[in-house]
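Student: Pasting in a structure now, in structure tokens, and then I'll have a few things to ask.
Please treat every number below as a calculation from the coordinates, not as lab data. The model shown is predicted, which means the values in this text are computed figures rather than measured ones. Note that we place each Cβ from the backbone using ideal geometry, even for glycine, and neighbour counts take in every protein chain shown.
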Amino acid sequence: MDRNKFSSVAHRQHAFANPINETKLMKMIGIAAPKPQDRVIDIGAGKCELLIRLVEKYQVKAVAIELYEGAIDEAKRNAAGRIPVGSIDYLVADAKSAVLEFKQDSFDLGICIGSTHALGGLEATLGALKGLVKKNGYILVGEGYWKQSPSSDYLLALGGAEESECKSHADTVKVGEDLGLIPLWSYVASDEEWDDYEWLYSLSIENYCLENPADPDVDAMLGRIRSWRRTYLQWGRDTLGFGLYLYRNV
């Protein structure tokens, strides 16, 4: 089963592929206060809904980096008729290679929400964005954090994850501080937001499999989502958090 296909189906009804609600997300964007023609880069941009809205509201010029071509195809369909052609430069590429194509200090706002793995983790992502974003520009990242120490059973259920892969909320903020960034704002997902995200994620797969019984991936998709749902309810809801972190580059 193609993992990108699974993720695309699971997120087909999500506006944004993370549990932070739209009001919180757009408030943080408002703090950064993009101006017309500001340049924005989004690493792991997915369906590009955030960039589309930034173009709609602030008339920015944007670069979207996304490894999954299907997500970019959907982004282009969603953008049609909403924003001027050419407002977003879509790059289907590995992020580590793609970011090397841009000059330092090229952007006013750098974004990476839920995709820091694409650049090798949180510290590497913040370091890369610090170089790409102009002085006094803004960096917005979304990252998982531990609400409490994860049990060994939970880490095993996550595929053999290690506790070192996430930090506490406070230590996540501190990663940016240690790189010389100024933390300006943070929101974390509430239990209700997590439930909204996870149940819609699960529902989307369940409904797709009901609607497409001839898809050869149905059994694998159902097995995976039902295992994930049990994992979320047994451990994840109380253990794994997700935060948005806004920094100023200096």
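Student: Give the long-range amide H neighbours of W185: residues separated by 5 or more places, or on another chain, with amide H under 5 Å away, using H modelled in the peptide plane at 1.01 Å from N.
Tutor: L246
Student: I need the phi-derived Karplus couplings for the range 197-214: 6.51 cos²θ - 1.76 cosθ + 1.60, θ = phi - 60°, integer Hz, Gly and Pro marked x.
Tutor: Along the range 197-214, the couplings run 5, 6, 6, 5, 4, 5, 4, 5, 5, 4, 5, 4, 5, 5, 7, 10, x, 7 Hz.
Student: Further question: Which ³J(HN,Hα) values in Hz, rounded to whole numbers, follow from the phi angles of the range 82-87 under the Karplus curve 6.51 cos²θ - 1.76 cosθ + 1.60, where θ = phi - 60° and Gly and Pro get x?
Tutor: 9, 9, x, 4, x, 5
Student: Could you give me the ³J(HN,Hα) list for the range 39-48, computed from phi with Karplus coefficients 6.51, -1.76, 1.60 and θ = phi - 60°, whole Hz, x at Gly and Pro?
Tutor: Listing the rounded values in order: 9, 10, 10, 10, 9, x, 6, x, 7, 6 Hz.
Student: Calculate the dipole size of the range 1-126 relative to its Cα centre from +1 charges on Lys and Arg beta carbons and -1 charges on Asp and Glu beta carbons; express the result in debye to the nearest 20.
Tutor: Computed about the Cα centre, the dipole is about 380 debye.
Student: Apply the Debye scattering formula to the chain, with a single equal point scatterer on each alpha-carbon and no solvent, then give log10 I(q)/I(0) at q = 0.08 Å⁻¹.
Tutor: Debye curve over Cα of the chain, log10 I(q)/I(0) at q = 0.08 Å⁻¹: -0.31.
Student: Please name which of P36, P213, A75 has its Cα lying farthest along the dipole of the chain towards the positive end, using unit charges on Cβ (Lys, Arg +1; Asp, Glu -1) and the Cα centre as origin.
Tutor: The residue sitting farthest along the positive end of the dipole is P36.
Student: Next question. May I ask you to list the chymotrypsin sites (Phe, Trp or Tyr not before Pro) in the range 103-148 that are in a DSSP loop and have at most 10 other Cβ atoms within 10 Å of their Cβ?
Tutor: Counting only loop positions with at most 10 other Cβ atoms within 10 Å, none of the chymotrypsin sites (Phe, Trp or Tyr not before Pro) in the range 103-148 qualifies.
Student: Okay, next question. Would you pull out the residues with amide H under 5 Å of S115's amide H, same chain only if 5 or more places away, H placed 1.01 Å from N?
Tutor: Here G142 satisfy the definition.
Student: Which one of Y138, H169, N21 has its Cα pushed farthest toward the positive end of the charge dipole of the chain, where Lys and Arg give +1 and Asp and Glu give -1 at the Cβ?
Tutor: Y138
Student: For the chain, give the magnitude of the charge dipole about the Cα centre (Cβ charges: +1 Lys/Arg, -1 Asp/Glu; no others), in debye to the nearest 20.
Tutor: Computed charge dipole of the chain: roughly 860 debye.
Student: Tell me, what is the FRET efficiency for D94 and E192 to the nearest 0.05, using R0 = 35 angstrom and their Cβ-Cβ distance as r?
Tutor: 0.50
Student: Next up: Would you mind getting the Kirkwood hydrodynamic radius of the range 22-160 from its Cα pairs, rounded to one decimal in Å?
Tutor: Value: 15.8 Å, from the Cα pair sum.
Student: By counting other Cβ atoms within 10 Å of each Cβ, how are C112, C209 ranked from fewest to most?
Tutor: In order of increasing Cβ crowding within 10 Å: C209, C112.
Student: Over the Cα atoms of the range 111-195, Rg to Rh with Kirkwood Rh, two decimal places?
Tutor: The Rg/Rh ratio comes out at 0.99.
Student: About its Cα centre, how strong a charge dipole does the range 180-250 have in debye, to the nearest 20, once Lys and Arg get +1 and Asp and Glu get -1 at the Cβ?
Tutor: The dipole magnitude comes to about 360 debye.
Student: Further, regarding this structure: Would you mind ranking V92, V141, V40 so that the residue whose beta carbon has the fewest other beta carbons within 10 Å leads the list?
Tutor: V92, V141, V40
Student: So what is the calculated 222 nm ellipticity per residue for the chain, using -39500 (n - 2.57) for each DSSP H run with n of 4 or more, over all residues, to the nearest 500 deg cm²/dmol?
Tutor: Rounded to the nearest 500, it is -12500 deg cm²/dmol.
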